[in-house]
Amino acid sequence: MQVMLAQPRGFCAGVIRAIDIVEQALAKFGPPVYVRHEIVHNRHVVESLRAKGARFVENLSEVPGGAITIFSAHGVARVVELDAQARGLQVLDATCPLVAKVHGQGQRYVAQGRQVILVGHAGHPEVEGTMGRISGPVLLVQTERDVDALDLAADTPVAYVTQTTLSVDDTRAIIAALERRFTDIVGPDINDICYATQNRQSAVRELAKIADVILVVGAKNSSNSNRLCEIGAEAGVPSYLIADGSELDAAWVHSAGMVGITAGASAPEELVDDVLEALRRLGPIEVSVLPGIEEKVEFRLPAELLGGRSAPASVS
Ligand code: SF4
C-alpha cells in the first residue's frame with residue numbers, strides 16, 4: 001500500500017507556543033500550574049501535560065487564589081481576564097498571536113463606529129473569546145442564510161472578522177454574501193487570517209488529487225481538523241477524522257492503492273506515526289511525503305517565561 005503524507009501537516013506555531021508555555025511554566029514555577037480549557041484541542045497533548053503536573057479547568061473558580069494560570073491558545077473573553085484579576089491569579093496568556101490579531105482588528109473596527117460581524121462557529125472557545133474581547137455587540141454568522149437574516153439596514157457601516165480555523169472557501173462564500181448585503185463593509189484579507197489553516201487546507205487539496213482515501217489525524221473537537229476532513233470529502237475522496245491508530249477501520253483502506261494522511265494543527269506527529277503503525281499491521285506500506293510549503297513561522301514566548309524566575313504579574 002502506498003501512503004502519502006501531506007506537507008505541511010500537524011502542529012502550527014500557535015500550538016507549539018501554547019504547549020511550550022505550559023511546559024516552561026511547569027519547569028520554572030513547578031507543578032501544579034492551572035490551564036483554563038484544553039490548552040489545544042488534543043486529548044493526547046492534554047494527557048501528557050497533565051502527567052507533568054498541569055491541571056485543566058473549565059472555570060477559574062476551580063483555581064486556588066494566587067496560582068499560576070494559563071489561558072489556552074483559543075483566547076479568552078475580557079470578563080475571564082477580569083475574573084482572574086479579581087481572584088489574584090498569576091496569568092500566562094497562551095492565546096495564539098493570530099487569534100489576538102483578530103481581537104485587535106475587531107476593536108479597531110468598533111473604534112471606527114462599525115458594527116462587527118464575526119464569521120465563526122457558535123460555542124467554539126475561540127468564538128466565545130473573540131466575541132468577549134470586542135467591546136460593543138458582535139453579531140455571529142455561521143452560514144449565508146444567517147447573513148440574510150441579519151436585522152441591519154443595507155447601508156449600516158459594518159466590518160467582518162473571522163474565526164482563524166474555518167475553511168477559507170467557506171469563509172469566502174459568507175464574506176461574498178456579506179458584501180452583497182451591505183454597501184459600506186470592510187474586513188481583513190481572508191488569505192491573511194492564519195497561515196497554518198491556509199497551508200494545511202491547500203495541502204489536503206493536493207493530497208485529494210492523488211489519494212483514494214484520506215485519514216485526518218486530529219481530535220473530534222478540533223475545528224481545523226474537521227475542516228480538513230470536509231475539504232477532502234468535498235473533493236470527492238472518502239475522508240475520516242481519527243484520533244490515533246486505534247480508530248483506523250481496515251475496511252476504509254482495504255481497496256485503496258494510495259492512502260493520504262494529514263493532521264490537524266493540534267495533532268502531534270507521534271499520532272501520525274501511530275496511524276502508520278496501524279496501517280503496517282494490515283500489510284506492508286511505502287511512505288512518501290507530498291512536496292509542499294515549508295513553514296518557518298515561530299511565535300515568541302511571553303516575557304515572563306523569557307526572563308528571570310519571577311512569577312507573572314496578576315492580569316490588569
Ligand atoms: S491554527 Fe492558526 S490561529 Fe490557530 S493556533 Fe495555529 S497558528 Fe494560531
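The values are calculated or read from the model by the stated rules, or taken from the named source; none is laboratory data. Everything numeric in this text was worked out from a predicted model, so none of it was measured. Reconstructed Cβ throughout: ideal geometry from the backbone, glycine too, with neighbour counts over all protein chains shown.
The table for this structure:
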| read-out | value |
| --- | --- |
| Residues of segment 42-73 satisfying the condition of being β-branched (Val, Ile, Thr), within 13 Å of Ile19 (Cα to Cα) and touching a strand residue (DSSP E or B) at 6+ places or on another chain (Cβ under 9 Å) | Val46, Ile70 |
| Cβ pairs under 8 Å, 6+ apart, first in segment 197-209 and in a helix (DSSP H, G or I), second hydroxyl-bearing (Ser, Thr, Tyr) and within 14 Å of the ligand (Cβ to nearest atom) | Thr197/Thr164; Thr197/Thr165; Arg200/Thr262; Gln201/Ser167; Ala203/Thr262; Val204/Thr262; Leu207/Thr262 |
| Filtered residue count, segment 45-79, keeping only those that are within 27 Å of Thr164 (Cα to Cα) and either of a type in the set (Ser, Thr, Tyr) or exposed (fewer than 13 other Cβ atoms within 10 Å of the Cβ) (or both) | 7 |
| Extreme residue, nearest to Val116 (Cα to Cα), among residues of segment 139-175 that are among the charged types (D, E, K, R) and within 18 Å of the chain's Cα centre (by Cα) | Asp170 |
| Wholly enclosed strands (runs of 3 or more DSSP E) of segment 47-108 bearing at least 1 residues within 16 Å of the ligand (Cβ to nearest atom) | 68-71, 90-93 |
| The one condition in (1) of a type in the set (S, T, N, Q); (2) in contact (Cβ under 8 Å) with a residue 12 or more places away in the chain; (3) farther than 30 Å from Leu178 by Cβ that Ser72 fails to fulfil | (3) |
| Extreme residue, nearest to the ligand (Cβ to nearest atom), among residues of segment 177-189 that are hydrophobic (A, V, I, L, M, F, W, C) and under 16 Å from Gln142 (Cα atoms) | Leu178 |
| Members of segment 156-181 found to be at pLDDT below 95 and touching a Lys or Arg at 6+ places or on another chain (Cβ under 7 Å), listed by number | Thr165, Leu166, Ser167 |
| Residue check for Glu294: more than 14 Å from the ligand (Cβ to nearest atom), surrounded by fewer than 17 Cβ atoms within 10 Å (Cβ to Cβ) and part of a helix (DSSP H, G or I) | no |
| Selection within segment 170-200 - closer than 22 Å to Asp151 by Cα and among the hydroxyl-bearing types (Ser, Thr, Tyr) | Thr171, Thr183 |
| Any hit, segment 271-290, residues being β-branched (Val, Ile, Thr), part of a helix (DSSP H, G or I) and over 28 Å from Glu38 (Cβ atoms) | no |
| Options Val147, Val161, Val116, Val127: the member that is in contact with a strand residue (DSSP E or B) (Cβ under 6 Å, 6 or more places away or on another chain) and outside any strand (DSSP E or B) | Val147 |
| Selection within segment 5-36 - more than 24 Å from Leu207 (Cα to Cα) and away from the ligand (no atom under 16 Å from the Cβ) | Glu23, Gln24, Ala25, Leu26, Ala27, Lys28, Phe29, Gly30, Pro31, Pro32, Val33, Tyr34 |
| Residue that is touching a strand residue (DSSP E or B) at 6+ places or on another chain (Cβ under 9 Å) and farther than 23 Å from Pro97 by Cβ, where the choices are Leu305, Leu282, Leu271, Leu228 | Leu271 |
